[in-house]
Every structure is written in C-alpha cells, then in structure tokens.
Amino acid sequence: MGEPGEAVGQFFQIPVEKVPLLETLYVDVLLNSPNISSQSVQIQELLAMTTGRALVQAPRLRRLGVGSLWSSPVPLPIKWTNLTELTLGPVTYQADGAFPLSALAMCVNLTKCSIFHQAPAPFQLHGAPVNPASATSTNHIRLPRLQTLELRGFEPPPSFASSVDLPSLQELVLLCSLHIPVGDGLERGATDLIRKFGDGLTDLLLDLGSLNEQDLLDVLQHVPNVVSLRITGGSMFQPRMAGGSQTVIGDSVLERLTPRSSDIVAYVDGTTCYCPKLQKFGCKVQDNVRFSEEAIIRFIAARRNRLDAGVALLTSIVVAFPAVKPAKLIRDRLQEMGVDLEDMVLMPLYMKPQSREPGVVGLTLQEHDVGAGIRDHQDYISTMGPYTQTLGGWAV
C-alpha cells in the first residue's frame with residue numbers, strides 16, 4: 001500500500017461488524033516519498049489507518065501477515081490468541097531486544113509462523129545501537145500447536161532456540177544466509193534450533209549460506225526422522241556479509257546420507273547412514289554446494305536398492321547442476337546399474353548462470369531430464385523456489 005488516500009482510508013474504516021467472516025489479512029506499508037521527514041509523517045498516518053481500525057479486530061481473524069514493520073506490532077488491538085498463522089516481515093524501526101519473541105508469546109495457538117529475523121546493532125537500519133547480548137527474552141515461550149516455522153534474513157541468535165518450546169514442530173525452513181558476527185565468531189542459532197527440535201522434524205529446508213560442511217553434518221545427525229530434505233546454496237540475500245562462511249560443501253555430506261550394506265561395518269556412531277527415513281531430497285548445486293553427479297548416482301542407487309532394511313525408499317530427487325547437460329543422463333546410468341526407477345520422481349536439472357557480474361546470484365533452467373510442466377511440479381518448486389511466505393508478501 002502506498003500513500004494515504006480517501007479510498008484507502010474508507011477501506012480501513014470499515015466497521016468491525018461489517019467483517020464478521022474475515023479470516024485472512026495481509027498488510028504491507030510501502031512509502032513513495034523519497035524525503036525522510038515526509039516518510040515519518042506517512043508512516044504514522046498509515047499505521048494509524050491500517051492497524052488501528054476494525055480490520056485487525058475482526059472476530060474470526062486467524063491468519064495475519066504484516067510486511068515491513070515500521071513499529072512494533074505488539075500493541076496492536078489484535079486478538080493474538082485467535083491467530084493460527086502469522087507472518088512478520090523485515091523490521092525497519094529500532095526494535096527492543098525481546099522482539100520477535102515478545103510477539104510470539106501472545107500467539108499461543110499458532111500452527112504456522114514466518115519471521116524475517118533482523119540483525120541486532122550495529123546492523124539495525126534505524127535508531128540507536130542495541131547490545132546484541134541483551135537481545136534475549138526473560139520468559140520461556142511455549143507454542144504447543146506450532147507445526148511450521150520459517151526463519152529468513154539473518155541467522156537467529158542462540159537465545160531464540162533456548163527461549164521457545166515447540167513440542168509439535170514438524171517443518172523447519174531456515175533461509176538465513178546472513179551471519180551475525182559476534183567478536184571473533186558467529187552466532188549459531190540455526191544449528192541450535194535443529195539440535196533442540198531435530199528429532200520431531202519431518203521436513204527441513206536449509207539455505208547453506210549460514211552453514212559450513214561440519215555444521216551440515218551435525219545438522220543431519222540430529223534429524224533422524226526427516227522425510228523431506230531440501231538444501232540450497234544461495235538466496236536473494238547474496239552477496240554475504242564479511243565473516244560469512246564460504247566453505248565448500250562436498251560429496252562427504254552425501255556419503256553420510258548414502259546407506260551402507262548391512263554386511264559392511266557401520267559408521268563409528270553405529271548407523272549405516274544419516275536420515276534413514278528420507279524419501280524426498282532436493283538440492284541446488286551452486287555457490288558453496290558442490291555435489292558431483294557420481295555421488296548423486298551412488299546416493300540414489302543405495303536409497304532405491306535399500307541394502308539396509310531400516311532405510312526408507314527414496315521416492316523423489318531434484319538436483320540442479322551448474323553445468324551443460326551430459327551425453328549420458330543420470331537416469332540412463334542408473335538403469336544400466338539395474339536400479340529400479342519405477343514410480344520415482346527423478347529431476348536432474350542442468351542450469352546456466354543468469355549473470356557473470358560479481359555478487360549476482362541466480363540460475364536459469366537450461367536442460368532437464370523431465371517432461372513438460374516441470375516448473376509446476378511441487379517437488380521442483382519446493383527445491384528451486386520461489387520460497388513463498390506463509391502469507392503473501394515477498395519470496396526468495
């Protein structure tokens with residue numbers, strides 16, 4: 001929404017009794033004026049108009065999305081306990097150290113939540129610096145019904161994982177490709193989340209911009225029940241800030257996902273592979289993710305042959321290579337090995353860069369081993385994107 005106008009004002013002045021059936025609301029305040037002082041006036045007018053009126057007080061409002069946050073949403077006259085889905089966009093004001101936990105604490109009935117996590121000072125866009133060490137919550141937050149959690153932007157601090165209890169969490173989306181440098185190290189809130197809630201996860205999507213190879217191996221060790229695993233090596237937040245990991249993630253990761261035969265000595269930890277229940281796997285091989293075709297073939301063959309009875313059958317794989325389509329396809333090579341591919345979704349994609357300019361990231365589909373309509377296939381979308389938010393707004 002842009003500058004305030006009569007039509008916009010009338011829309012938001014609709015009496016609450018006129019919207020008894022309103023269940024979903026997405027509000028995003030966009031400013032057209034280039035003048036900072038003028039923007040400040042616009043912000044206050046728009047916030048008063050959009051968030052202080054009847055629409056946010058609709059009695060059946062269950063799904064709320066707020067785009068750019070120009071002030072704290074906590075004081076809004078919303079029946080927070082009624083919400084089941086919540087999307088919070090980027091923070092452009094000087095947030096207190098407890099946000100966004102202070103907002104989540106009021107939403108005890110959430111089932112889905114998407115948060116753009118902002119960095120603490122000195123990365124805050126406006127306002128006085130905030131000590132990152134103070135960005136903690138004094139209260140422990142329990143969201144008993146939350147099944148899907150999406151975190152975008154900066155990697156959350158470790159205090160985020162330690163402050164929440166999510167007993168029903170099944171799907172975790174971490175599109176956090178920006179680090180928060182702290183002294184000589186980096187905050188590791190993403191891996192802390194997975195260590196704490198990994199046992200219950202069945203779906204995991206990771207942007208590996210915030211992880212190195214050892215981090216990823218640690219992550220995979222803590223998600224024994226994951227059924228769908230999607231990893232990507234780049235996002236809209238490139239180029240990464242100084243201090244971000246550029247470590248190449250290679251075939252050793254896939255080797256730990258590749259089952260060993262039961263008559264072969266297991267790994268040191270006693271397992272034949274990580275993620276034994278994995279059925280769907282997707283990956284963008286780009287940037288710091290460098291899986292080879294040979295490793296992918298070994299992975300597929302072992303997961304389809306199921307040499308270990310405790311390993312689930314791989315039913316879908318989407319993998320994108322930044323290379324020209326080879327003379328012999330992965331499908332052909334697997335069939336020559338006698339691997340049964342019946343009823344399997346097999347999408348090896350061969351991509352080409354969109355631009356050679358430094359800092360520009362993106363791949364365009366060049367050739368693939370799949371029929372028409374590939375971009376509409378759900379397995380393709382869940383791996384290649386766009387990764388849309390729970391409610392409206394932007395996508396990665």
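Just a few scattered comments:
- In the set (1) open to solvent by less than 20 Å² (accessible area, probe 1.4 Å); (2) at pLDDT 85 or above; (3) within 23 Å of the chain's Cα centre (by Cα), the condition left unmet by Arg63 is number (1).
Residue-by-condition table, conditions (1) modelled with pLDDT under 90; (2) part of a strand (DSSP E or B); (3) surrounded by 18 or more Cβ atoms within 10 Å (Cβ to Cβ):
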{"residue": "Glu150", "(1), (2), (3)": "no, yes, yes"}
{"residue": "Pro156", "(1), (2), (3)": "yes, no, yes"}
{"residue": "Ser177", "(1), (2), (3)": "yes, yes, yes"}
{"residue": "Ile194", "(1), (2), (3)": "no, no, yes"}
{"residue": "Ala242", "(1), (2), (3)": "yes, no, no"}
{"residue": "Thr247", "(1), (2), (3)": "yes, no, no"}
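- Region 218-231: number of residues that are without any contact (Cβ under 8 Å) to a residue 40 or more places away in the chain and open to solvent by 10 Å² or more (accessible area, probe 1.4 Å): 2
- In the condition set (1) surrounded by fewer than 20 Cβ atoms within 10 Å (Cβ to Cβ); (2) at pLDDT 90 or above; (3) within 21 Å of the chain's Cα centre (by Cα), Pro181 is compliant with all but (2).
The values are calculated or read from the model by the stated rules, or taken from the named source; none is laboratory data. None of the values given here were measured: they were computed from a predicted structure. For neighbour counting, all protein chains shown are included, and Cβ atoms are generated from backbone atoms with ideal geometry for every residue, glycine included. To get the accessible areas, we keep the full protein, side chains included, count just its heavy atoms, and leave off ligands, DNA and RNA. Shrake-Rupley method; radii C 1.70, N 1.55, O 1.52, S 1.80 Å.
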